[in-house]
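A short write-up of the structure that comes next.
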Amino acid sequence: MDRRQLLVTVAAVGVTGCESTPASDDTDGERPRSDALIEAAIETRRHMNDLAARRTMTIDAPDETVERVERIARVPPAKQRIEVVESTDPDVPAGSVTVTNRATTWEYNPTTETVDKQYHPNKVDTDGVRLVLEDLLADHELSYEGTETVDGRTAHVIETVPPIDDVGPSVDLVVGDTTFVVPLRASGDSEAMDVSRTVWIDDEHRYPIKERNTVSEDGEIRHDLIVTYEDLSIDHGLPSGTFTYDPPKDATVVTDGPKPEGVFESTTAAEEIVPYDLPGPAVPDSYDLDRVTVVERKPTFGGTVATLWYNDPTVIAKELFVTVRETQRFDPDALEQIEFDGHTAYRRDGRIQSVFWTCDDLSYEVSSLVDESPLLEVASSIGCSSLG
């Protein structure tokens, strides 16, 4: 199977160096519980401010093996910087750089001397690491296998087994925001494939620092992916400018996506360029206004679109947003009709929870990734002369 059939969207963890040691007990003399370690890792991730490390990713396929060593920095869920310092992967050569912030991603390829600059001012950022850890806790069989030393740090080893009907063509990595896609159809029998996952959780930080995913067929390893962190640093702060990028002078810059008219720190500043008044929604006390984005689209795509982004600065990816559009973009027939304050609105359930309605020739949306967000209360607080 050609390694290039593997799609690896990087954001995992980095460097090797694993020395086995006997299984250790915790401070009260009992072996740690695997579920307790995963729960602790979820809490570490939920309240993390920043992370920096040196990362190694090794992909071993039947026809070849490639390895990348990268310097990474992150402020979850949206900001990251990846600099490739060593690589045997022709698709991601040494010198490659990826920088992402809330509104823009830059990807520099030193071989072609091009920079792909993608605008995504209204991208909703989930916390992939936390979601995968929660999935492991809820659906997988966990087995504690003692401790090993990873980059000089004591790490707890946890073997995981997915539900039988959950073995599919993709594996979402625990160690980083990565999806490892294996084209099982090439084997001819996906049911014969055995997926093995091992996670190493650092004893000090209670955070994943290594992961191994192995795909075997009839006892033969077909694909092996190992990702490890070295020099892990959590909540030590990052230099200013980490998540901005200046392309090399000789590089060709190619842009994609809707370039925002502006990203503002307040609704007052944003109102200077939008043709309507922005709402002042009553959001829960734990939420702060993070930014206001304004994008000019064709009327069929909403016209002037302003989005007010609110988040809880103490919890990663606890975010809600309010969007105002000049024209309606939601399809009432595909949504659940509801009522609030005597006005007809529409609800969307799923990964993003939303309430949509129209008022005074404007279209409104209140959305969140958090199930317990009081969307109807926020919608009601926006006010509208057509309501009630």
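None of the figures in this text is laboratory data; all of them are computed from the coordinates on show. Just so we're clear, the structure is a prediction, and the values are computed from it rather than from any experiment. Cβ placement follows ideal geometry from the backbone for every residue including glycine, while neighbour counts extend to all protein chains displayed.
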Checklist entry - Could you list log10 I(q)/I(0) for the range 250-320 at q = 0.23 Å⁻¹, which the Debye formula gives when each Cα is one point scatterer? => result -1.03
Checklist outcome for this item: Taking a crude spin-label model, label points 7 Å out from Cα along the C-beta direction, the Asp256 to Ser196 distance in nm is 3.7
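Are there trypsin sites (Lys or Arg not before Pro) in the range 299-388 that DSSP puts in a loop and that have at most 10 other Cβ atoms within 10 Å, and which ones? Kindly include the intermediate steps, with their values, before the conclusion.
Working: sites: Lys318, Arg325, Arg329, Arg347, Arg348, Arg351; in loops: Lys318, Arg329, Arg351.
Here the sparse-neighbourhood loop sites are Arg351.
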Checklist outcome for this item: Among trypsin sites (Lys or Arg not before Pro) in the range 202-266, those in a DSSP loop whose Cβ has at most 11 other Cβ atoms within 10 Å are Lys249
Checklist entry - If you line up the long axis of helix 34-46 against the longest principal axis of the chain, both from Cα atoms, how many degrees apart are they, to the nearest 10? => result 40
Item to check | the chain, Rg to Rh (Cα coordinates; Rh as Kirkwood inverse mean 1/r) | outcome: 1.00
Checklist outcome for this item: Among Leu308, Thr344, Thr327, the residue whose Cα sits farthest towards the positive end of the charge dipole of the range 262-382, when +1 is placed on the Cβ of each Lys and Arg and -1 on the Cβ of each Asp and Glu, is Thr327
Checklist entry - Among all the lysines, which ones have a C-alpha under 24 Å from Lys298's C-alpha, if same-chain residues fewer than 8 places away are not counted? => result Lys117, Lys123, Lys259
Item to check | Rg and Dmax [Cα atoms of the range 34-234; Å; Rg one decimal, Dmax integer] | outcome: 17.3, 47
Item to check | For the chain, size of Cβ-based charge dipole, Lys and Arg +1, Asp and Glu -1, in debye | outcome: 1200
Next on the checklist: Loop-only GluC sites (Glu not before Pro) in the range 228-337, please: DSSP not H, G, I, E or B, and at most 13 other Cβ atoms within 10 Å.
Outcome noted: Glu265, Glu272
Checklist entry - Quick one: Debye curve from the C-alpha atoms of the range 262-382, no solvent, what's log10 I(q)/I(0) at q = 0.10, 0.17, 0.18 Å⁻¹? => result -0.28, -0.86, -0.97
